[in-house]
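Enquirer: Below you will find the structure I want to go over with you.
The values are calculated or read from the model by the stated rules, or taken from the named source; none is laboratory data. Quick caveat, the model's predicted, so the values are computed rather than measured. Neighbour counts are summed over all protein chains in view; Cβ atoms, including those assigned to glycine, are modelled from backbone coordinates with ideal geometry.
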Amino acid sequence: MGQSLTARWRIGALAAEQIEGVEASVLWYTEGKGGEDLHVHAFRRWSDADLRQFDITQPRRLRCDLPLSPLSYEGTLLRIRWCVRLRLFRSCGRDTVVQAPFQLVHQLGHIGDSGSRSVITHLPQRDSLRDDLTVLTGRLS
Amino acid sequence: MRLPKPWTKKRGSRMLGGAFVGAIGEAMLLAGLFLLGVFTVALMLVQRFAAGSFVVRGGLPEGIISEEASSSTLGFWIVVVLGISLLALGGGGLIYRLLRVGASDERRSAMASRAAAMAPSRPIASDLVPLPSIPQGRGVTDSPGLHQAYRLAADGSNDARAVAAAASLALLWNATWFVLLAVVVSGFLIGSPRWVLCFLLLPFAGIGWWAFRYFLDALKKSAGVGNTIVEISDHPLQAGEGYKLFIRQAGKLKLRRLRIELVCDEESTYRQGTDLRIDRHRAYDQIIHTERDLSIDPHHPWEQELTVCLPVDVMHSFQSAHNAVCWKITVSGEARPWPSFCRSFPVVVHPPAGPPIRHPR
């Protein structure tokens with residue numbers, strides 16, 4: 001496996017009673033001319049009962065070991081995007097999706113070293129706000 | 001110029017003519033047998049089942065088709081079985097002959113071995129390479145090479161498909177023509193000629209002749225270009241590494257240009273209405289070797305040892321349900337008198353310094 005990714009999330013404007021569940025996933029998907037492909041690498045779900053166990057306004061951590069492939073790719077017909085995606089299921093039946101993209105690239109400077117098998121990830125420092133859901137920053141561990 | 005003799009002294013393993021001429025002659029003989037079978041069966045069926053309508057129309061002249069011939073006699077069935085035998089012999093032999101065009105003995109042997117090894121078995125844990133969405137390319141390393149470690153398998157041969165399509169067109173059209181000919185001949189035999197159909201046979205024969213010539217041209221193209229062999233020193237490839245190649249092009253060719261390239265194509269599959277379409281874009285192209293104005297003799301194929309180096313920043317191979325990044329080595333030639341050809345040999349490229357590669361050999 002490659003390096004570890006740690007992302008943190010919190011929900012700012014909603015009470016836990018208004019939320020039925022939260023799903024967090026680390027995934028890649030394709031964009032471009034062809035049909036969209038999607039593969040979830042890491043996935044975790046919190047039910048409403050789980051959400052009442054902790055304070056959702058405080059950052060929660062999501063951690064996973066990234067794979068060595070597929071690397072992020074910016075082609076003409078095809079683009080491969082990696083992201084951390086958070087899906088919030090609300091009591092009213094709506095669901096809200098927020099995602100924080102990052103790039104999975106190879107660490108060129110480490111070729112030949114013992115660390116050459118790892119994959120460096122770069123998660124831009126980013127705050128995404130949509131509706132009342134906030135995905136906080138992710139970072140490399 | 002020495003004319004070929006239809007029979008001559010046996011010469012052991014030596015061949016009187018070229019293998020190419022032999023393949024053409026064999027294909028023509030088998031096609032002729034197939035068409036003769038169609039004609040025979042059609043003639044007998046028309047005489048047996050359409051005789052009643054002829055009797056109603058104009059009456060059967062006495063002695064042309066006897067009562068015994070129009071009933072289920074032993075002779076009728078013997079001729080029908082003979083015609084079906086010709087059909088099976090000609091059609092089956094032609095398909096077998098076409099399947100052998102463009103495939104070397106080694107390749108056919110490797111395909112047979114692979115088919116035998118397709119028995120369900122659990123993969124060994126050490127065989128699993130932790131590189132998701134990258135094709136493992138097990139089929140690429142099935143065949144050992146003579147000069148380098150692996151002989152690469154060619155991508156699905158377009159030549160074979162073209163020959164099969166041309167053969168199907170020619171056989172179906174000419175078989176139909178012979179059926180119509182049988183109907184016309186039967187009409188003349190019973191004294192009720194079908195003039196319209198008779199005159200239509202002429203343009204139909206022209207189309208049939210064109211289809212047959214097209215089939216022969218496709219067969220000549222496929223058989224004349226000869227086999228292409230590509231061997232590589234290691235596989236899968238890794239970005240930033242160098243590899244040795246061995247290329248061998250057989251056939252009887254005069255080439256304006258022969259070019260060996262390492263290419264990377266993006267492939268996207270999408271639906272447009274009810275159609276499934278594939279779009280390709282060449283994302284990377286590296287000319288490994290190019291040579292102009294060369295002649296290739298059947299006894300002296302063109303051989304070359306080359307070196308290819310992958311840049312470190314290229315995208316690795318990728319395969320998903322609708323998208324792919326495909327790497328391959330292509331051998332393309334502008335030939336005369338044959339049309340130009342291009343043969344692809346897929347390879348798998350891993351990210352730079354990925355996981356340790358398991359070497360089967």
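Enquirer: Can you confirm whether the range A:3-26 contains a residue that is within 14 Å of chain B (Cβ to nearest Cβ), under 30 Å from B:HIS322 (Cα atoms), modelled with pLDDT under 90 and surrounded by 15 or more Cβ atoms within 10 Å (Cβ to Cβ)? Full working, then the answer.
Expert: Step one: list which residues in the range A:3-26 are within 14 Å of chain B (Cβ to nearest Cβ), which gives A:3, A:26.
Those still in the list that are under 30 Å from B:HIS322 (Cα atoms) too: A:3, A:26.
Going one step further and asking which of them are modelled with pLDDT under 90, we end up with A:3.
From what's left, surrounded by 15 or more Cβ atoms within 10 Å (Cβ to Cβ): A:3.
Yes: one or more hits.
Enquirer: Pick from the range B:275-310 the residues that are modelled with pLDDT under 90 and part of a loop (DSSP other than H, G, I, E, B): which of them is nearest to the other protein chains (Cβ to nearest Cβ)?
Expert: So the residue we want is B:PRO301.
Enquirer: Here's another thing I want to ask about it. Need the failing condition index for B:GLY75 against (1) within 22 Å of B:VAL185 (Cβ to Cβ); (2) at pLDDT 85 or above, just the number.
Expert: Condition (2) is where B:GLY75 drops out.
Enquirer: What is the one condition in (1) surrounded by fewer than 17 Cβ atoms within 10 Å (Cβ to Cβ); (2) more than 10 Å from chain B (Cβ to nearest Cβ); (3) hydrophobic (A, V, I, L, M, F, W, C); (4) within 17 Å of the chain's Cα centre (by Cα) that A:CYS92 does not satisfy?
Expert: (4)
Enquirer: Output yes when any residue across the range B:236-247 is more than 10 Å from chain A (Cβ to nearest Cβ), under 30 Å from A:ARG81 (Cα atoms) and either loosely packed, with under 14 Cβ neighbours inside 10 Å or polar (S, T, N, Q) (or both), and no when none is.
Expert: Within the range B:236-247, one or more residues are more than 10 Å from chain A (Cβ to nearest Cβ), under 30 Å from A:ARG81 (Cα atoms) and either loosely packed, with under 14 Cβ neighbours inside 10 Å or polar (S, T, N, Q) (or both).
Enquirer: Further question: Hey, any hits in the range B:227-243 for a residue that's assigned to a loop (DSSP other than H, G, I, E, B), polar (S, T, N, Q) and under 22 Å from B:ALA162 (Cα atoms)? Outline the logic, then answer.
Expert: Just the residues of the range B:227-243 that are assigned to a loop (DSSP other than H, G, I, E, B), to begin with: B:227, B:233-236, B:239-241.
Now drop any that are not polar (S, T, N, Q), which leaves B:227, B:233.
Still in the running and under 22 Å from B:ALA162 (Cα atoms): B:227.
Yes, that holds for at least one residue.
Enquirer: Out of A:THR96, A:THR57, A:THR30, report the one residue that is modelled with pLDDT of 90 or more, of a type in the set (S, T, N, Q) and at negative phi. Lay out the reasoning, then the answer.
Expert: Numbers: A:THR96 fails: modelled with pLDDT of 90 or more; A:THR57 fails: modelled with pLDDT of 90 or more.
Result: A:THR30 is the single residue among A:THR96, A:THR57, A:THR30 that is modelled with pLDDT of 90 or more, of a type in the set (S, T, N, Q) and at negative phi.
Enquirer: Additional query: Tell me, yes or no, whether the range B:41-54 has at least one residue that is modelled with pLDDT of 60 or more, on the phi < 0 side of the Ramachandran plot, surrounded by 15 or more Cβ atoms within 10 Å (Cβ to Cβ) and not in a helix (DSSP H, G or I).
Expert: yes
Enquirer: Can you tell me how many residues in the range B:119-142 are modelled with pLDDT of 80 or more and farther than 23 Å from B:ALA324 by Cβ?
Expert: Qualifying residue count for the region: 0.
Enquirer: Pull out all pairs, ordered by first then second residue, where Cβ-Cβ is under 8 Å, the residues are six or more apart or on different chains, the first lies in the range B:195-215 and is on the phi > 0 side of the Ramachandran plot, and the second is surrounded by 13 or more Cβ atoms within 10 Å (Cβ to Cβ).
Expert: Filtered contacts from the range B:195-215: no entries.
Enquirer: What is the residue count in the range B:252-274 for residues that are more than 13 Å from chain A (Cβ to nearest Cβ), part of a strand (DSSP E or B) and among the charged types (D, E, K, R)?
Expert: Step one: filter the range B:252-274 for residues more than 13 Å from chain A (Cβ to nearest Cβ), giving B:252-263, B:273-274.
Adding the requirement that they be part of a strand (DSSP E or B) leaves B:253-263.
The next check asks that each one be among the charged types (D, E, K, R); those that pass are B:254, B:256-257, B:259, B:261.
Within the range B:252-274, residues that are more than 13 Å from chain A (Cβ to nearest Cβ), part of a strand (DSSP E or B) and among the charged types (D, E, K, R) number 5.
Residue-by-condition table, conditions (1) surrounded by 12 or more Cβ atoms within 10 Å (Cβ to Cβ); (2) among the β-branched types (Val, Ile, Thr):
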position: B:ALA250; (1), (2): yes, no
position: B:LEU253; (1), (2): yes, no
position: B:ILE260; (1), (2): yes, yes
position: B:THR274; (1), (2): no, yes
position: B:ILE287; (1), (2): no, yes
position: B:PRO298; (1), (2): yes, no
position: B:VAL312; (1), (2): yes, yes
position: B:PHE318; (1), (2): yes, no
position: B:HIS322; (1), (2): yes, no
